[in-house]
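Undergrad: This is the structure I want to talk about, given as structure tokens.
The values are calculated or read from the model by the stated rules, or taken from the named source; none is laboratory data. Remember, it's a predicted structure, so these values are computed and weren't measured experimentally. Cβ coordinates were reconstructed from backbone atoms using ideal geometry, including for glycine residues, and neighbour counts include every protein chain displayed. With ligands, DNA and RNA removed, areas are computed over all heavy atoms of the protein, side chains included. Shrake-Rupley method; radii C 1.70, N 1.55, O 1.52, S 1.80 Å.
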Protein chains: 2
Amino acid sequence: MKKLINATDDVVVEALEGMERAHTSLKVVYDPKYVVRADAPVAGKVGIVSGGGSGHEPMHGGFVGMGMLDAACPGEVFTSPTPDQMLEATKAVDGGAGVLHIVKNYTGDVLNFEMAAELAAADGIDVEAVVIDDDVAVQDSSFTAGRRGVGATVLAEKICGAAAEAGRDLAAVKELCERVNANGRSMGMALPSCTVPAAGKPTFELGDDEMEIGIGIHGEPGRERRPVASAAEVAKMLVEPILADLPYSEGEKALVFVNSMGGTPLIELYIIYNEVAKILAEHGVEIARNLIGPYIPSLEMQGCSITMLKLDDEMTELWDATVSTPALRWGA
Amino acid sequence: MKKLINATDDVVVEALEGMERAHTSLKVVYDPKYVVRADAPVAGKVGIVSGGGSGHEPMHGGFVGMGMLDAACPGEVFTSPTPDQMLEATKAVDGGAGVLHIVKNYTGDVLNFEMAAELAAADGIDVEAVVIDDDVAVQDSSFTAGRRGVGATVLAEKICGAAAEAGRDLAAVKELCERVNANGRSMGMALPSCTVPAAGKPTFELGDDEMEIGIGIHGEPGRERRPVASAAEVAKMLVEPILADLPYSEGEKALVFVNSMGGTPLIELYIIYNEVAKILAEHGVEIARNLIGPYIPSLEMQGCSITMLKLDDEMTELWDATVSTPALRWGA
């Protein structure tokens, strides 16, 4: 295993130390671990907390900041964070207007966020939760009942973060998050796997000419293994199941997010984006916004995922609103 | 070879098509190939043009936009662009105040930019050039006489782009670019290599437990191959030659740029940044600004590079100025 790390046990904490040293807009708490806006809690603002296993950076710590998350709870690599992390993060960001938990649909994450919400409620904090389950590839998976939560999470965090920043109340921010989830769909694929530091070997093995379509962000099995295909064919294999699951009428608008699984370079993402744009043009779908890059990767796994969000005017306006985080920044 | 491409011959042009579809602030010209601000030429503003082999995205096309480059000329993967690309890009961005070429020190790039400058001058355009040669690893290399140009190029493009946007004249922007180069130093390393699409096999081979210190961004040989070391040791092997080459006095300020060679994930970059920050604290160097991410990668190569720029107040202010490009954006 070749990685730029010290001890495998120290990967998460040392990366957090690096984040804290790099970004003065953030504060890192180490026991229990969470990343929080340095100005938290923001009085009168709905707080937004997310979290999940590490190894998907910048998700979620890189999305903490003005206009997006108030706090993020990192678990060990590909491992759910614990309820005490979520509880302490929730307390830290409660500005009196309640706290929304945005939770990717993995069983450990869901159960632990539920427990944290109960404990926070017992402390008198108003907590709501939305579970993101946008991955159309498979129903149920290695760590998930129902569909997995993937790329739509990034979009929900941005859009809901903007709504909270604009002063909307907890019920409104929660409704918006549910709407993003209801209108978001994703599907991913992998070429080679990645290696979790503590495991020391690839999460799964693919043959020299194989790819896996419908892969999860922890290497969970997808729909099929098949010979490596062209970018045009891969784009089609990802976009068509998304459109089959949530059809678009002529003229409807989408935000298209082409994500690198980590080890796929930007030049290839633009080739995939080009193919996706051609397919969507054939379907009469207008790409109104886009996001291209490694925003929810799986360590150094090669491959990509595509997320489509059917946009309405409100979501578009909130997407465009000022954001200032380490990984997404505009208008600030 | 597993890549998300169609035909190897179409990689660059299809990625450009994807960029053009994704970013309405840019225009792509295909014959000869260059990426240009949609609003070019900006009357009265110094134009800034860079370029080089593809495979290092977002460099340079992702840095085209308000506050950074006016145009970028992409060659084939790891291959210099041609003089006609540079000439046409220069003409397209000439707003009457002259054009600066920012050139990474690779022999092909330097010769071709020189020829383009002569042709542009014959057309009555005032052209100046600065060659970036910040890589301390080796003197002379596979494609270079002198030192290679690497990470400081990103910083020069940002800082000079801000100066041009602020209305400085060609002589001032050139002087500033020379100053950034004189104060910038870099060194990189690789774990596994990358594979150029047209070659179809890794650029170089490293043993299962080997890394190469001082690698170039095209896989050019570095200083030494040695067993894989810890992040702390790697950081030291990269920072110490930089400091030996350009010593810092107690209290001097640096911009520290930790770059992924492509396949190294962000969690590892933060671990490296953490180690770099500790080393620099011991030397009394203040990290005033930082940049962390894959801004000058080498396709999917794993590894990292470190660039340090000794900052003065003017460079700091220009670094902070508004920029709006696909890859670097703030204040806009």
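Undergrad: Roll a 1.4 Å probe over the protein chains and send me the accessible area per residue for the stretch A:184-313 in Å². Could you put the intermediate results ahead of the total?
TA: Values: 4250 Å² over 130 residues.
I get 33 Å² per residue for this part.
Undergrad: Just the number, please: carbon plus sulfur as a percent of the accessible area of the stretch B:184-313, 1.4 Å probe, no ligands or DNA/RNA counted.
TA: Within the stretch B:184-313, the accessible surface is 46 percent carbon and sulfur.
Undergrad: If you roll a 1.4 Å probe over the heavy atoms of the protein chains, what accessible area per residue do you get for the stretch B:13-183, in Å²? Can you show the working numbers first?
TA: On the way: 5410 Å² over 171 residues.
Heavy-atom SASA per residue in the stretch B:13-183 reads 32 Å².
Undergrad: Would you work out what percent of the accessible area of the stretch A:88-163, with all protein chains in place, is carbon or sulfur (probe 1.4 Å)? All intermediate terms of the calculation are to be shown ahead of the outcome.
TA: Details: 1200 of 2390 Å².
Taking all protein chains in place, the stretch A:88-163 shows 50 percent carbon and sulfur surface.
Undergrad: Right, something else. Using the Cα atoms of the protein assembly as shown, I'd like the radius of gyration and the largest Cα-Cα distance, Dmax, both in angstrom.
TA: 23.6, 78
Undergrad: Where does each of B:127-137, A:118-128 land if you order them by average Cβ count within 10 Å, highest first?
TA: On the way: B:127-137: 23.7, A:118-128: 15.6.
In decreasing order of mean packing, B:127-137, A:118-128 become B:127-137, A:118-128.
Undergrad: Would you mind calculating the gained length between A:Arg223 and A:Ala166 on full extension (0.36 nm times residue separation, minus the Cα-Cα distance), in nm to one decimal? Intermediate results must be reported in sequence, preceding the final value.
TA: Values: separation 57, 0.36 × 57 = 20.52 nm, distance 4.06 nm.
Additional length available on full extension: 16.5 nm.
Undergrad: For the stretch A:149-159, in order, what is each residue's ³J(HN,Hα) by Karplus, 6.51 cos²θ - 1.76 cosθ + 1.60 with θ = phi - 60°, in whole Hz (x at glycine and Pro)?
TA: Taking θ as phi minus 60°, the curve returns x, 9, x, 4, 4, 4, 5, 5, 5, 5, 5 Hz for the stretch A:149-159.
Undergrad: Which order, highest average first, do B:186-196, A:79-89, B:259-269 follow once you tally other Cβ atoms within 10 Å for each residue and take the mean per peptide? Each step should come with its number before you reach the end.
TA: Details: B:186-196: 25.6, A:79-89: 23.6, B:259-269: 27.9.
Packing order, densest peptide first, comes out as B:259-269, B:186-196, A:79-89.
Undergrad: Shortest first and in nm with one decimal, please list how far the B:Asp31 label point sits from its counterparts in the other copies (point 7 Å along Cα→Cβ).
TA: When each copy's label point is compared with this one, the spacings are 6.9 nm.
Undergrad: From the phi of every residue in the stretch A:83-91, what ³J(HN,Hα) in whole Hz does the Karplus formula 6.51 cos²θ - 1.76 cosθ + 1.60 yield, where θ is phi - 60° and glycine or proline is x?
TA: Those phi angles translate into x, 5, 4, 5, 5, 5, 5, 4, 4 Hz.
Undergrad: Right, another one. May I ask for the net charge around A:Asn105, where only other residues with Cβ less than 14 Å from the Cβ of A:Asn105 are counted and Lys, Arg are +1 while Asp, Glu are -1? Present the calculation step by step, with values, prior to reporting the outcome.
TA: Working: positive: A:Lys104, A:Arg147, A:Arg148, A:Arg185; negative: A:Asp109, A:Glu114, A:Asp133, A:Asp134, A:Asp135, A:Asp140, A:Glu178, A:Glu220.
Summing Lys and Arg as +1 and Asp and Glu as -1 gives -4.
Undergrad: Can you work out the FRET efficiency for the pair A:Thr24 and B:Ala121, with r the C-beta to C-beta distance and R0 = 56 Å, to the nearest 0.05?
TA: On the way: r = 46 Å, r/R0 = 0.82.
Efficiency computed from Cβ-Cβ geometry: 0.75.
Undergrad: Can you pull out the buried accessible area for chains B and A, both sides counted, probe 1.4 Å, rounded to the nearest 100 Å²?
TA: Working: alone 13150 and 13190 Å², together 21750 Å².
Result for this pair: about 4600 Å² buried.
Undergrad: In addition: Report the net charge of residues surrounding A:Met1, where surrounding means a beta-carbon distance below 10 angstrom and charges are Lys +1, Arg +1, Asp -1, Glu -1. Can you show the working numbers first?
TA: Working: positive: A:Lys2, A:Lys3, A:Lys201; negative: B:Asp208, B:Asp209.
Cβ neighbours under 10 Å give a net charge of +1.
Undergrad: What's the average, rounded to a whole number, of partner chain beta-carbon atoms within 10 Å of each residue's beta-carbon in A:291-297? Can you show the working numbers first?
TA: Details: counts 1, 7, 6, 5, 0, 0, 3.
Averaged over the peptide's residues, the number is 3.
Undergrad: Nearest the rotation axis from B to A, which residue of chain B has its beta carbon, and at what whole-angstrom distance?
TA: Minimum Cβ distance to the axis, with residue: B:Gly263, 2.
Undergrad: Could you order A:Arg223, A:Arg147, A:Arg37 by accessible surface area, starting with the largest, using a probe radius of 1.4 Å? Mind showing how you got there, number by number?
TA: Working: A:Arg223 125, A:Arg147 55, A:Arg37 10 Å².
The ranking, largest first, comes out as A:Arg223, A:Arg147, A:Arg37.
Undergrad: Name the residues whose placed amide hydrogens come within less than 5 Å of the amide hydrogen of B:Gly52, ignoring near sequence neighbours (fewer than 5 apart) on the same chain.
TA: B:Cys73, B:Gly75
Undergrad: What do you get for Rg/Rh over the stretch A:250-321 if you use C-alpha atoms and the Kirkwood form of Rh? Can you show the working numbers first?
TA: On the way: Rg = 12.8 Å, Rh = 12.7 Å.
That ratio equals 1.01.
Undergrad: Could you work out the helix-only [θ] at 222 nm for chain A, with each DSSP H run of four or more residues adding -39,500 (n - 2.57) and the total divided by the number of residues, to the nearest 500 deg cm²/dmol?
TA: It lands at -10500 deg cm²/dmol.
Undergrad: Using a Cα distance threshold of under 26 Å, what count of lysine pairs results for the stretch B:200-332 when pairs must be 8 or more residues apart or interchain? Don't jump to the answer; show the numbers that get you there.
TA: Numbers: B:Lys236/B:Lys253; B:Lys236/B:Lys278; B:Lys236/B:Lys310; B:Lys253/B:Lys278; B:Lys253/B:Lys310; B:Lys278/B:Lys310.
Lysine pairs meeting the criterion: 6.
Undergrad: Sticking with this one: Name the long-range amide H neighbours of A:Ile132: under 5 Å, sequence gap of 5 or more, or other chain; modelled H, no Pro or chain starts.
TA: Correct list: A:Val103, A:Lys104, A:Asn105.
Undergrad: Next question. With r defined as the distance between the Cβ atoms of A:Thr316 and B:Asp320 and R0 fixed at 35 Å, what FRET efficiency is calculated, to the nearest 0.05?
TA: On the way: r = 29 Å, r/R0 = 0.83.
Efficiency for this residue pair is about 0.75.
Undergrad: Just to check I understand the Karplus step: with θ = phi - 60° and J = 6.51 cos²θ - 1.76 cosθ + 1.60, what whole-Hz values come out for the stretch A:106-114, glycine and proline as x?
TA: Each residue of the stretch A:106-114 in turn: 10, 4, x, 4, 5, 5, 5, 5, 4 Hz.
Undergrad: Mind checking which lysines have their C-alpha under 26 Å from A:Lys45, skipping anything on the same chain fewer than 8 residues away?
TA: Answer for A:Lys45, where 26 Å is the Cα cut-off: A:Lys27, A:Lys33, A:Lys91, A:Lys104, A:Lys158, A:Lys174, listed by chain and number.
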